[in-house]
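Okay, so here's the structure we're looking at.
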Ligand SMILES: Cc1cc2nc3c(=O)[nH]c(=O)nc-3n(C[C@H](O)[C@H](O)[C@H](O)COP(=O)(O)OP(=O)(O)OC[C@H]3O[C@@H](n4cnc5c(N)ncnc54)[C@H](O)[C@@H]3O)c2cc1C
């Protein structure tokens, strides 16, 4: 059988043309969301850099995403994208399908049993405000994490002593065949900025139920404001960045090591170790490539290892293909 033309989404039974949407071609294939080809990811990640994804699906809602996944070939590489605040696609792009949850999986409600249900595309700060306004405590830390609930679950995002999975009661997962399954934290290996299914891995987060202790709305609002003020004072929020680039090594801080290595302000082609917070890399004038950012990440790792014997582990997710000097694609992920 002939290969499908490039930029076409292959599915199990059919080839889905790109730019299909709603009642048009997408409707014919059973989904309502928008499918686009060669979507530049610099538009969708907070670093404002990087290459394109071959196919991008913007579901209409959860049911629509289930239909789409069911139709998609099981071996199609998938990339889940929330708000792209911890993500970089290399300049050579990602030859698979990116699925965007923000603005689509946006249900947020208080359940009758007092828990909070949030779909994966809900922004974490929105969940924090909602929980606080419902007179519950401890969700304030989520206000400073500029991603989605799906991203927070995948990363076990945390700060100021709070961590996402500490509050998870159960999660709603979607399998590659479009089936939904409810799982509990016992099904996952949960670590510092890392979460994985103990068995299998081809499921994605589409929602979660959280439990937060009773509190007071005014206190929650005040704490939320205080944490945001602290972030504005200590983080280079006016420049494109992806938050902390490295995990903190046990008993130490990546920022302290990077600063002590004299790397603050170091630049490679527009990517710079932030002067304000050494564990942040900023895209100084907005023109840095993913490759410049990744080279700087590598340089920081090398110099910190040489000076202090500590290997800094990357927290940000970098994937896709590099572009060689000749402009041709290099090695994969
Ligand atoms: C200014 C700034 C400050 C930050 N501060 C913090 C902080 O204090 N603490 C902290 O932990 N992080 C912090 N971050 C990093 C980032 O915001 C978090 O990791 C966040 O949870 C990522 O969410 P996202 O929706 O942007 O995920 P994305 O960046 O879109 O994706 C991150 C990873 O999660 C996966 N993913 C996303 N959605 C799903 C899903 N539905 N199912 C399965 N996998 C999924 C992606 O494939 C990718 O591997 C900061 C980032 C910035 C820019």
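Quick notes on this one:
- Selection within the range 132-163 - under 17 Å from residue 209 (Cβ atoms), within 6 Å of the ligand (Cβ to nearest atom) and part of a helix (DSSP H, G or I): 150, 152, 154
- For the range 31-48, the tally of residues that are part of a loop (DSSP other than H, G, I, E, B), closer than 20 Å to residue 323 by Cα and away from the ligand (no atom under 13 Å from the Cβ) stands at 0.
- Among residues of the range 153-174 that are free of Cβ contacts under 8 Å to residues at least 12 places away in the same chain and outside the structural domain of residue 220 (by TED's automatic domain parsing), none has a beta-carbon under 9 Å from a residue that is part of a strand (DSSP E or B) and more than 7 Å from the ligand (Cβ to nearest atom) at least six positions away or on a different chain.
- Pairing residues of the range 259-273 that are more than 15 Å from residue 240 (Cβ to Cβ) and in the same structural domain as residue 286 (by TED's automatic domain parsing) with residues that are modelled with pLDDT of 95 or more and in a loop (DSSP other than H, G, I, E, B), at Cβ distances under 7 Å and at least 6 apart in sequence or on separate chains, gives 259/278; 263/278; 264/275; 264/278; 265/275.
- Identity of the residue in the range 118-131, assigned to a helix (DSSP H, G or I) and within 14 Å of the ligand (Cβ to nearest atom), that ends up nearest to residue 216 (Cα to Cα): 128
- The residue list 215, 178, 191 contains one member that is away from the ligand (no atom under 11 Å from the Cβ) and on the phi > 0 side of the Ramachandran plot, which is 178.
- First in the range 275-288 and over 12 Å from residue 254 (Cβ atoms) and at pLDDT below 95, second anywhere and within 15 Å of the ligand (Cβ to nearest atom) and in a loop (DSSP other than H, G, I, E, B), Cβ under 8 Å, 6 or more apart: 286/48; 286/240
The values are calculated or read from the model by the stated rules, or taken from the named source; none is laboratory data. If you're wondering where the values come from, they're calculated on a predicted model, not measured in any experiment. Every residue, glycine among them, receives a Cβ derived from its backbone with ideal geometry; neighbour counts consider all protein chains shown.
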